Amino acid sequence: MSVATGAVDRHRARRPVQAVRDSLVVAQRNLIRMKRIPEVVVFAVIQPVMFVILFSYVFGGAIPVPGEKGAGGPLVYRNYLMAGIFAQTVTFATAGAGAGIADDMHKGLIDRFRSLPMARGAVLTGRTIADLVQTALTVMVLAVVAVLVGWRIHDGVPRMFAAFGLLLFLGYAFSWVGALIGLTVRTPEAATSGGLIWLFPLTFVSNAFVPTSGMPPFLRAVADWNPFSATVQACRQLYGNPQGIVSHAWPMRHPVWASLMWSVVIILVFRGLAVRKYRTATA
Amino acid sequence: MPGAIHAEGLVKTFGDVRALDGVDLDVAEGTVLGLLGPNGAGKTTAVRVLTTLLRPDAGRAVVAGLDVVRQPDEVRRSIGLSGQFAAVDEYLTGRENLRMVGRLYQLRGRQAKARAGELLERFHLADAADRPARTYSGGMRRRLDLAAALVVSPPVMFMDEPTTGLDPRNRQQMWEVIEELVAAGTTLLLTTQYLEEADRLAHDICVIDHGRVIARGSSDELKARTGGERVEVVVHDRAMTGTAAEVMTGFMAGGASGGGATVEQHTRRITVPVSGGAKLLAEVIRELDARGIEIDDIGLRRPTLDDVFLWLTGHAAQDAGAAEDAGAARDAGPAAEERDGR
Ligand SMILES: Nc1ncnc2c1ncn2[C@@H]1O[C@H](COP(=O)(O)OP(=O)(O)OP(=O)(O)O)[C@@H](O)[C@H]1O
Ligand SMILES: [Mg+2]
């Protein structure tokens with residue numbers, strides 16, 4: 001057998017290059033898995049599509065968007081709603097990342113990775129990159145469905161792409177939260193439910209589905225400063241969609257900056273915690 | 001010079017369980033250490049500590065000259081691991097699994113690909129190479145996992161029960177692969193439940209129980225400590241086992257360490273430690289015949305590692321409960337020595 005003794009040293013790449021390379025190797029692995037388990041991707045798409053349809057047709061006529069012309073019209077609400085659904089969809093990447101990493105721990109794969117001379121964060125970064133690809137796919141399908149039910153953009157394609165960029169960035173940030181949850185709970189089942197439950201208060205106490213102007217003052221303050229609301233508001237602006245009566249809170253006045261800042265903060269905090277946890281994780 | 005693997009006083013506790021309770025290990029470069037012990041003895045925990053997957057609570061371990069706690073990244077560059085449970089991605093094909101591991105060992109894409117091909121041939125997985133590992137049988141997965149541990153041939157390898165679940169042919173082939181690796185200079189720490197495997201592969205053997213080393217030495221040394229030859233007789237009539245045992249006790253070697261005659265009622269088997277070899281065997285047969293005891297089988301047996309294992313771990317279990325046995329055990333067994341030494 002021709003053995004490659006010493007190969008490890010000879011090809012030891014410089015650190016940052018190695019980190020990127022290792023992350024891509026792991027991302028590729030996770031993308032292959034997604035291709036082999038298409039059900040996961042299909043369900044990830046069906047769920048938000050269902051939300052679009054339910055909210056559009058069930059709540060559509062009942063929720064007025066104050067401050068808009070023809071506030072009661074279902075089309076106004078649909079256009080108001082869509083940014084909220086997009087944002088909610090990208091945050092669901094959390095559950096995927098968490099379940100995937102917990103599954104790897106469970107199956108002992110994390111042990112294999114941890115015994116290899118690979119970059120520290122690469123297993124997690126690779127996973128979050130793969131989830132980002134899946135989220136982008138989901139959002140694309142969702143956008144088509146949204147157009148079919150009457151959603152339109154009014155401020156041009158570049159601003160639309162900027163909005164999708166913000167959404168995906170938020171989704172990426174949230175997948176780091178998922179990674180930390182996955183490493184903490186250790187079983188895929190717990191990671192899925194643990195990754196989802198806290199998303200409900202987060203996405204509902206926000207401007208995603210109903211205007212915050214109708215909320216009690218305390219909830220409204222929470223909603224205005226919710227990272228999630230900032231992205232939703234930024235998207236509404238960038239799409240040129242109805243916004244309702246916008247609060248005076250800083251994040252609502254500067255939603256693009258607020259959204260970017262929140263995403264960066266979430267990544268910094270949760271990536272740091274997750275990578276630390278990964279290094280000491282034991283299945 | 002310290003060996004390729006050197007550990008001192010390793011302690012690891014999980015709650016109330018002291019999985020490692022002061023383990024010292026030393027594996028010289030280019031040799032194989034067989035780590036034996038009953039289920040739950042702490043073998044896997046020891047491997048996980050030495051491969052940087054677990055931090056020890058106390059003690060120190062150096063692998064390939066690198067401290068596992070202070071230089072884990074450097075250690076990982078010098079080791080290969082095949083864990084107790086196959087760690088392969090079920091949704092990736094065998095080839096994809098090996099290529100991924102190759103890339104993560106920092107091989108170039110083309111090298112990783114070539115290496116994967118070689119290993120698939122080598123481990124008889126070429127036919128299944130492009131099927132997801134999920135469709136592999138248990139033994140195939142095990143082989144894929146071993147192949148993954150051998151993608152680069154690092155100077156120090158750890159294999160936790162590498163041949164569990166392999167059929168005899170594949171086990172034999174795995175042994176050959178391991179022997180080649182060692183011949184090429186690899187240092188190996190191997191845990192196993194197959195004592196025949198330890199006998200064949202390991203230069204040194206270390207038996208642990210309850211997280212402590214209870215014996216160490218070469219396979220021959222351990223066998224010698226267990227006692228010399230024994231005569232084993234299977235009597236035809238179960239009612240005669242008592243008489244036969246009495247007769248055979250008369251032939252027992254003075255000061256033999258294996259205790260008195262052991263009688264297994266259900267198999268009608270009586271075993272006594274002896275010294276005197278084949279000549280003695282003839283005498284035993286004559287004496288039994290004179291007493292009218294009909295025998296089905298008789299033989300002279302050298303101790304196997306199985307005997308060593310059962311004897312050592314049996315003693316350890318008894319000692320925990322019975323203090324009065326300690327005196328006898330001290331004369332007889334290294335189990336007691338090790339414990340008293342601390
Ligand atoms: N992660 C863990 N959490 C709690 N206890 C553990 C953990 N890992 C091991 N143990 C305990 O530590 C002890 C030693 O376990 P270990 O897996 O090292 O045994 P082993 O010698 O490999 O056994 P086997 O032959 O069954 O593989 C056992 O009592 C086990 O229950
Ligand atoms: Mg074990």
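Between residue A:140 and residue A:120, with labels modelled 7 Å along Cα→Cβ, what's the label distance in nm to one decimal, could you check?
3.5 nm
Taking the Cα-to-Cβ direction at residue A:250 and at residue A:157 and moving 7 Å from each Cα, how far apart do the two end points lie in nm?
Inter-label distance under the simple model: 3.7 nm.
I'd like the carbon and sulfur percentage of the solvent accessible area for region A:20-280, probe radius 1.4 Å, heavy atoms only, ligands and nucleic acids excluded.
Here carbon and sulfur together make up 74 percent of the probe-accessible area.
Could you sort the residues of region A:69-118 by number and keep only those whose accessible area is reduced by 50 Å² or more in the all-protein-chain setting relative to the chain alone, 1.4 Å probe?
A:107, A:109, A:111, A:112, A:114, A:115, A:116, A:117
Which of B:66, B:114, B:281 sits farthest toward the positive end of the charge dipole of chain B, with +1 on the Cβ of Lys and Arg and -1 on the Cβ of Asp and Glu?
Positive-most Cα among the choices belongs to B:114.
How about residue A:107: which lysines have a C-alpha closer than 23 Å to its C-alpha, ignoring those fewer than 8 places off in the same chain?
Result set, ordered by chain and number: A:35, A:277, B:12, B:43.
Mind checking how much accessible area A and B bury in total, 1.4 Å probe, in Å² rounded to 100?
It comes to approximately 3800 Å² buried between A and B.
Please give the peptides A:224-231, A:149-156 ranked by average Cβ packing (other Cβ atoms within 10 Å per residue), highest first, as a rough proxy for protection.
Details: A:224-231: 25.1, A:149-156: 15.6.
The densest-packed peptide leads the list: A:224-231, A:149-156.
How shielded is B:196-207 by partner chains, expressed as the average number of their Cβ atoms within 10 Å of its Cβ atoms?
Mean partner shielding for this stretch: 0.
Which one of A:138, A:216, A:32 has its Cα pushed farthest toward the positive end of the charge dipole of chain A, where Lys and Arg give +1 and Asp and Glu give -1 at the Cβ?
The residue sitting farthest along the positive end of the dipole is A:32.
Measure off, as a whole percent, the carbon and sulfur share of the 1.4 Å-probe accessible area of chain B, all protein chains present.
About 48 percent, which is the carbon plus sulfur part of the accessible surface.
For peptide B:52-61, what's the mean number of Cβ atoms from other chains within 10 Å of each residue's Cβ?
Details: counts 3, 9, 3, 3, 0, 0, 0, 0, 0, 0.
Average neighbour count from other chains, rounded to a whole number: 2.
Which parts of region A:16-59, residue by residue, lose 10 Å² or more of accessible area when the rest of the protein chains are there, as against the chain isolated (1.4 Å probe)?
At a threshold of 10 Å² (probe 1.4 Å), the residues of region A:16-59 that become less exposed are A:18, A:21, A:22, A:25, A:29, A:32, A:33, A:36, A:37.
For the Cα atoms of chain B, what angle does the longest principal axis make with the long axis of helix B:305-321, in degrees from 0 to 90, nearest 10?
The angle comes out near 80 degrees.
For residue B:302 and residue B:85, compute 0.36 nm times the residue count separating them, minus their Cα-Cα distance, and round to one decimal in nm.
Going from the current span to full extension adds 74.7 nm.
Evaluate the charge dipole of chain A about its Cα centre and quote only its size in Debye, nearest 20, assuming +1 on the Cβ of each Lys and Arg and -1 on the Cβ of each Asp and Glu. Mind showing how you got there, number by number?
Working: 26 positive and 11 negative charges, 190 e Å.
The calculation lands at about 920 debye.
Calculate the FRET efficiency for residue A:35 and residue A:198 from the Cβ-Cβ distance with a Förster distance of 41 Å, rounded to the nearest 0.05.
The formula returns an efficiency of 0.90 here.
Work out, step by step, the length gained on full extension between residue B:203 and residue B:126: first 0.36 nm times the residue separation, then minus their alpha carbon distance; give nm to one decimal.
Working it through step by step, the gained length comes to 24.5 nm.
Could you tell me how far the Cα centroid of region B:67-127 sits from the Cα centroid of region A:212-283, in Å?
Rounded to whole Å, the Cα centres lie 41 Å apart.
Can you tell me which lysines have their Cα less than 18 Å from the Cα of residue B:279? Leave out same-chain residues fewer than eight positions away.
Reachable lysines: none.
What dipole magnitude, in Debye to the nearest 20, does the protein assembly as shown give about its Cα centre under +1 on Lys/Arg Cβ and -1 on Asp/Glu Cβ?
For the protein assembly as shown, the charge dipole is close to 3900 debye.
Could you tell me the relative contact order of chain A? Use alpha-carbon pairs under 8 Å, at least six residues apart, and round to a whole percent.
26 percent
Report, in debye and to the nearest 20, how large the dipole of chain B comes out about its Cα centre when Lys and Arg carry +1 and Asp and Glu carry -1 on their Cβ.
Dipole about the Cα centre, nearest 20: 1480 debye.
Keeping every protein chain present and rolling a 1.4 Å probe, give me the accessible area per residue for the protein assembly as shown in Å².
Working: 26710 Å² over 625 residues.
Accessible area per residue: 43 Å².
The values are calculated or read from the model by the stated rules, or taken from the named source; none is laboratory data. Note that the structure is predicted; figures quoted are calculated from it, not measured. Counting neighbours? That spans all protein chains shown, and the Cβs are built from the backbone with ideal geometry, glycine included. For accessibility, only protein heavy atoms count, side chains too; no ligands or nucleic acids. Shrake-Rupley method; radii C 1.70, N 1.55, O 1.52, S 1.80 Å.
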